[in-house]
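The values are calculated or read from the model by the stated rules, or taken from the named source; none is laboratory data. Every value quoted in this text rests on a predicted model; they were computed, and no experiment measured them. Cβ placement follows ideal geometry from the backbone for every residue including glycine, while neighbour counts extend to all protein chains displayed. Side chains included, ligands, DNA and RNA excluded: accessible areas come from the protein's heavy atoms. Shrake-Rupley method; radii C 1.70, N 1.55, O 1.52, S 1.80 Å.
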Amino acid sequence: MNDFNKLIDDIKTLKIQGAENVAREALNGIGRYEKEHGKLPSKLLVKKLLATRSTEPMMRNAVRYFMEHAKHGDPGKVLSYLMHGFDEADGKIASYAAGLITAGGTYFTHCHSSTVIEAFLWARKDGKQFSVHNTETRPLYQGRLTAEDLAANNIPVVHGVDSAARVLLKDCKAVFLGADALLSDGKVANKIGSEMVAELAFERDIPVYILANSWKFTKATSEEFQKRLEKRSASEVWERPPKGVEVMNNAFEFIDPRFITAVITEQGIRDSRTGAQELAKRHL
Ligand code: RUB
């Protein structure tokens, strides 16, 4: 398998996961292809790459930007402009979110978001002692990646099954979630279970913060975006279910703005509808 097809396969099989990692690796892969072949990949290859994860506007926005600008300029410079921009944005988001973490508190997260992890690490570097509760995120257990990252950085973490979310949420000071897509109507797409957690938190007056790079914004409304929410293979949930059992394996869901206290992007901390309106005016 050549390098580009391996990249496509790694994204499809979630060896590379999380919206921002997927976008970065897609860009790096195109950059490597250009260096190796002296030309940009064909439209067909790019289409194949973008089709790997239909719920990822960040990959789509960034790859389209790269392809457009690299055609007329130096691909290496376009790539480092994008990566530098992402790094800068991530730092701002982490610092804003870390400001919401207080020493001695317990915070909740679901799935594995590099943006959320960075915020926790930022707070830790600021000298705050706090702990995290997180859920395993069936069927692919991305929650374990979160628990591993936190433990490796000496942040105490209590990890439980998804159905323990309500119990683990008790006494948490806030919920921090990542995002795959910020929709123009203020809804947010993230891993299945995210709205369940957000709704539980809302009912308990626990604030819910979404941490996301603004490249995840799409002008689509949630209704238009619905068909892009990835449905993955039933076998991830149950390899050989008995006859008569239909397995549902929706990988993502929308979080309604009424459950979201704020969306934190590099632009700042906004309520999710206002943030979406600002991004719609400014974005590509
Ligand atoms: C990962 C997921 C993450 C977002 C944000 O889903 O839902 O919360 O992608 O991640 P999957 P990040 O494992 O199916 O890709 O903040 O790293 O962009």
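Rolling a 1.4 angstrom probe over the protein heavy atoms with all chains in place gives region 95-280 an accessible area of 46 Å² per residue. In sequence order, region 248-264 has phi-based couplings of 9, 9, 6, 7, 9, 8, 8, 9, 6, x, 5, 8, 9, 6, 7, 9, 10 Hz under the Karplus curve 6.51 cos²θ - 1.76 cosθ + 1.60, θ = phi - 60°, and Gly or Pro positions carry x. Rounded, prolate or oblate, given the Cα gyration tensor of region 165-284, with a/c below 1.5 counting as rounded? Taking the square roots of the gyration eigenvalues as a ≥ b ≥ c, region 165-284 is oblate. Annotation: lysines with alpha-carbon distance below 28 angstrom to Lys227 (same-chain offsets under eight excluded): Lys6, Lys12, Lys15, Lys43, Lys47, Lys48, Lys187, Lys191, Lys216, Lys219, Lys243, Lys281.
Once the Cα atoms are used to define both axes, helix 3-12 deviates from the longest principal axis of the chain by about 30 degrees. Rounded to the nearest 5, what is the percent of antiparallel bridges among the DSSP beta bridges in region 125-284? Given both bridge residues lie in region 125-284, the antiparallel proportion sits at roughly 50 percent.
For Cα pairs less than 8 Å apart in space and 6+ apart in sequence, what is the mean separation divided by the residue count of the chain, i.e. the relative contact order in percent?
On the way: 496 pairs, mean separation 49.7, N = 284.
Relative contact order here is 17 percent.
Could you work out how far the C-alpha centroid of region 178-247 sits from that of region 1-73, in angstrom? Each part reduced to its Cα centre gives a spacing of 23 Å. For the chain, the longest principal axis of the C-alpha atoms and the axis of helix 75-98 are separated by about 10°.
Multiply the residue separation of Lys43 and Thr102 by 0.36 nm, subtract the distance between their alpha-carbon atoms, and state the gained length in nm to one decimal.
16.4 nm
Within region 194-247, the GluC sites (Glu not before Pro) that combine a DSSP coil assignment with at most 14 other C-beta atoms in a 10 angstrom radius are Glu239, Glu246. Label-to-label distance, His84 versus Asn153, with points set 7 angstrom from Cα along the beta-carbon direction: 2.5 nm.
Near Ser131, the amide H atoms lying under 5 Å from its own belong to Gly105, Thr106, Tyr107; only residues 5 or more places off or on other chains count, and H is placed 1.01 Å from N.
If R0 is 51 Å, the Cβ-Cβ spacing of Gln129 and His72 corresponds to a FRET efficiency of close to 0.50. Compactness of region 1-126 was expressed as the Cα radius of gyration divided by 2.2 N^0.38 Å, which yields 1.21.
Sorting 38-48, 118-128, 15-25, 171-181 by their mean Cβ neighbour count within 10 Å, with the most densely packed peptide first, gives 171-181, 15-25, 118-128, 38-48.
In the chain, what percentage of the DSSP-assigned beta bridges are antiparallel, given to the nearest 5?
On the way: 10 of 28 bridges.
Among the beta bridges of the chain, antiparallel pairing accounts for roughly 35 percent.
For region 187-284, trypsin sites (Lys or Arg not before Pro) meeting the loop criterion (DSSP other than H, G, I, E, B) and having at most 16 other Cβ atoms within 10 Å: Arg204, Lys219, Arg232, Lys243.
Between Phe217 and Leu182, the built amide H atoms are under 5 Å apart, and every one of these is 5 or more places off in sequence or on another chain. Counting charges near Asp9 (Lys, Arg +1; Asp, Glu -1) among other residues having Cβ under 13 Å from its Cβ returns a value of +2. Between the Cα long axis of helix 19-37 and the first principal axis of the chain there is an angle of about 20°, rounded to the nearest 10.
Based on the Cβ-Cβ distance from Asp171 to Lys281, what FRET efficiency comes out when R0 is 51 Å, to the nearest 0.05?
Details: r = 40 Å, r/R0 = 0.78.
That gives a FRET efficiency of 0.80.
Counting only protein heavy atoms and a probe of 1.4 Å, the accessible surface of the chain is 51% carbon and sulfur. Annotation: lysines with alpha-carbon distance below 23 angstrom to Lys125 (same-chain offsets under eight excluded): Lys92, Lys173.
If Lys and Arg each add +1 and Asp and Glu each add -1, what is the summed charge of the other residues whose beta carbon sits under 10 Å from the beta carbon of Phe130? The answer is +3.
The per residue volume of the convex hull around the alpha-carbon atoms of the chain is 142 Å³.
Based on protein heavy atoms only, region 2-90 ends up with 50 Å² per residue of surface accessible to a 1.4 Å probe.
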